[in-house]
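Reviewing the structure listed below.
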Amino acid sequence: GEGAAPSMPPRFLFTRHGEATHNPLINSGRKAEGRAILDPGLTAKGASQAAALGEEIRAKVPDLALVVTSPLTRALQTAVLAFGEAEGGPPVLVTPMHTESGQRVEGDPVAGQPCQRGSPAAELQRRFPRHWDWSMVEEAAFWTTAKDSGIAVHGPTMEGCFHPSTSEERQEAFREWLRGQAAGLNGAVVVVGHSGFFKDFLGGATMKNCQLLEVNDF
């Protein structure tokens, strides 16, 4: 009716997970050692970064309507610390579409390393809030194991789940999917993910841990 506020187009904010156990190793030149860690979790520093991210989001994003997160432990832990585990919060949707499996990394053309693989859906649901939307991690088309994929998997372990398509192959699909999720929302979407994917997706520099970036023209 008269005076009703017009529906604003949704805003999109992107953030990289907090520092995880493989990051300091890779940054100090111990790359093979860092990449060999299966589904690394946050360090103490990463946990405090995630808590600070939560405060920043509460201050800057009062209209938060949806959280989208990667199913890798470092992203899920970041989401828990930033947004809490209460059922009254914004809906949280877990998707492997913006993970880094298959990402080109120096000396590693397919990034099939353990640090880019995650845990099975049932295990994630035990460790993280059950009321989050896990439906995409329950589908083998999005979250599978080494023997079910064309991506070359290497490193000291073949365990772990990942998206069977390469990161490059998923860019356009994620763009359309994300816009579809936001359609009809009145408010902001925060996406918790990974620097390699975001660098390609947003066409920018490598994001720092828990850096918050608003980009609406992706």
- Message: I'd like to know if the range 132-142 contains one or more residues that are among the aromatic types (Phe, Trp, Tyr) and out of contact with any Pro (no Cβ under 9 Å at 6 or more places or on another chain).
- Response: no
- Query: Is it the case that some residue within the range 201-211 is more than 26 Å from ALA51 (Cβ to Cβ), of a type outside the set (Gly, Ala, Ser), free of Cβ contacts under 8 Å to residues at least 12 places away in the same chain and assigned to a loop (DSSP other than H, G, I, E, B)?
  - Reply: no
- Item | Test set (1) in contact with a strand residue (DSSP E or B) (Cβ under 6 Å, 6 or more places away or on another chain); (2) not in a helix (DSSP H, G or I) - GLU138 fails condition number | (1)
- Query: Is there a residue being of a type in the set (S, T, N, Q), out of contact with any Asp or Glu (no Cβ under 7 Å at 6 or more places or on another chain) and not in a loop (DSSP other than H, G, I, E, B) anywhere in the range 28-46?
  - Reply: no
- Query: Which of the residues belonging to the range 114-132 are in contact with a helix residue (DSSP H, G or I) (Cβ under 9 Å, 6 or more places away or on another chain) and either surrounded by 14 or more Cβ atoms within 10 Å (Cβ to Cβ) or part of a loop (DSSP other than H, G, I, E, B) (or both)?
  - Reply: PRO114, CYS115, GLN116, ARG117, GLY118, SER119, LEU124, PHE128, PRO129, TRP132
- Query: assigned to a helix (DSSP H, G or I) and crowded, with 18+ Cβ neighbours inside 10 Å, is that true of PHE174?
  - Reply: yes
- Task: With respect to SER135, determine if the residue is closer than 17 Å to PRO71 by Cα, surrounded by fewer than 22 Cβ atoms within 10 Å (Cβ to Cβ) and free of Cβ contacts under 8 Å to residues at least 12 places away in the same chain.
- Result: yes
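Coordinate-derived values only; no laboratory data. The structure presented is a predicted model; accordingly, all values stated were derived computationally and were not measured. Don't worry about glycine lacking a Cβ; one is built from the backbone with ideal geometry, like all the others, and counts go over all protein chains shown.
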